[in-house]
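Chemist: There's a structure below that I have some questions on.
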Amino acid sequence: MILVAVVLSPVFGEAADDTKSILMITWRGLTPAEEGFVGKLGELGIDADIDHFDANRDQTELAGFLRENLDVLKTRDLIYTFGTTVTQTVNNFDIANVPRVFNIVADPVGVGLVGSLDCPPPGMTGAKMSLSPDVNLELFRKIHPVQTMAILFDPRENNAVSEADHLTIAAEKLGITPKRLRFAPDADETDLQLSSLIPQLEGVDALYVTASSSFIAHSGILKEIIPDDLVSIGSSTAYIDEGITLAFGTEYRERGEAAAELAAKILLDDVPPNKLPIDEIDAADAILFVNTDSKAASTLRLENATNTVVYK
């Protein structure tokens, strides 16, 4: 019996002989991504008993849960993982026989989860969270001229470091001067970090906030960092309500639905996960979300945008 933080089973009515057993492992609680995942499974006709374990952003707790319940995990029909850290940690355990679908991973290639988006490793596939940094930057330049760009990242998170690295390279290729800013919002001496970081934003044309669970968990602090007149772009649409000016992408719920589509092919059609390419948001289909509370939004040249604009 797995001890879970939240029990969601049975989700779709009475259990039947063909009921699938699914475990969702999350990093920072249930999000709209999981709502989309569960809802879409029901729409696709999948009866499922779904259990949920949340690591509460504690990798030690996550590893302990996996060690203690490894035998039971191996009996599941599918495991859903949220985020880079959870997915990497689960991959360190010997459960390759259980199909795994990850979600909300910013850069699965950059962090070494997959060799390429078209060829996932055996036992795993998933839905990529955001556009590639170079694509994000190209779309951003259409609506806001930038010569110097600050890149905010948490050096403790692999996905954030990978994104900052790729963005640095992409910016330099376009003649943009990158300015890398390290920040750990839940570490000691936050005030000292802020006093050092904020002056470094002087003279930059824009701030790029990389995907980071620590930034989302402490997103209110972004409002302390970002000057009112500075245009900021978030790698994740989750930042839109927290002071970021804009983000290209889609809603978390849609990413959950994309993950459910992959899960359905595995559970209903017996397609091996590694035969299913990683689901990626097409740049042309990405939505440009603009934060109407951001004073800097008025400086954007939205008439040059080639993507659908949604104001939030």
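The values are calculated or read from the model by the stated rules, or taken from the named source; none is laboratory data. These figures come from a predicted structure and were not determined experimentally. Quick reminder, even Gly has a Cβ in these numbers, built from the backbone with ideal geometry, and neighbours come from all protein chains shown. Heavy atoms of the whole protein, side chains included, go into the accessibility calculation; ligands, DNA and RNA do not. Shrake-Rupley method; radii C 1.70, N 1.55, O 1.52, S 1.80 Å.
Chemist: Taking the stated definitions as given, is Ala296 under 28 Å from Thr75 (Cα atoms), open to solvent by less than 60 Å² (accessible area, probe 1.4 Å) and part of a helix (DSSP H, G or I)? Write out each step before concluding.
Modeler: Values: under 28 Å from Thr75 (Cα atoms): no; open to solvent by less than 60 Å² (accessible area, probe 1.4 Å): yes; part of a helix (DSSP H, G or I): yes.
No: the conditions fail for Ala296.
Chemist: Is it the case that Val109 is hydrophobic (A, V, I, L, M, F, W, C) and open to solvent by 40 Å² or more (accessible area, probe 1.4 Å)?
Modeler: Values: hydrophobic (A, V, I, L, M, F, W, C): yes; open to solvent by 40 Å² or more (accessible area, probe 1.4 Å): yes.
Yes: the conditions hold for Val109.
Chemist: Suppose the filter is open to solvent by less than 20 Å² (accessible area, probe 1.4 Å), without any contact (Cβ under 8 Å) to a residue 12 or more places away in the chain and over 22 Å from Asp269 (Cα atoms); does Gly83 pass it? Break it down into steps so the answer makes sense when it comes.
Modeler: Details: open to solvent by less than 20 Å² (accessible area, probe 1.4 Å): yes; without any contact (Cβ under 8 Å) to a residue 12 or more places away in the chain: no; over 22 Å from Asp269 (Cα atoms): yes.
Answer is no for this residue.
Chemist: A follow-up question, please. Check every one of the strands (runs of 3 or more DSSP E) wholly within segment 87-159 and list those with 3 or more residues that are more than 17 Å from the chain's Cα centre (by Cα).
Modeler: Working: elements: 100-105, 124-128, 148-153.
Ranges flagged: 148-153.
Chemist: Consider Val146 carefully, then state whether it is more than 25 Å from Ile225 (Cβ to Cβ), among the hydrophobic types (A, V, I, L, M, F, W, C) and touching a residue at least 24 places away in the same chain (Cβ under 8 Å). Talk me through it step by step, then tell me what you get.
Modeler: Working: more than 25 Å from Ile225 (Cβ to Cβ): no; among the hydrophobic types (A, V, I, L, M, F, W, C): yes; touching a residue at least 24 places away in the same chain (Cβ under 8 Å): yes.
Here the answer is no, as Val146 does not meet what is asked.
Chemist: Kindly state which strands (runs of 3 or more DSSP E) lie completely within segment 171-273 and contain at least 3 residues that are buried (at least 21 other Cβ atoms within 10 Å of the Cβ).
Modeler: Ranges flagged: 206-209, 231-234, 246-249.
Chemist: Can you confirm whether Lys142 is among the basic types (Lys, Arg) and modelled with pLDDT of 90 or more? It would help to see each step written out before you state the result.
Modeler: Details: among the basic types (Lys, Arg): yes; modelled with pLDDT of 90 or more: yes.
Here the answer is yes, as Lys142 does meet what is asked.
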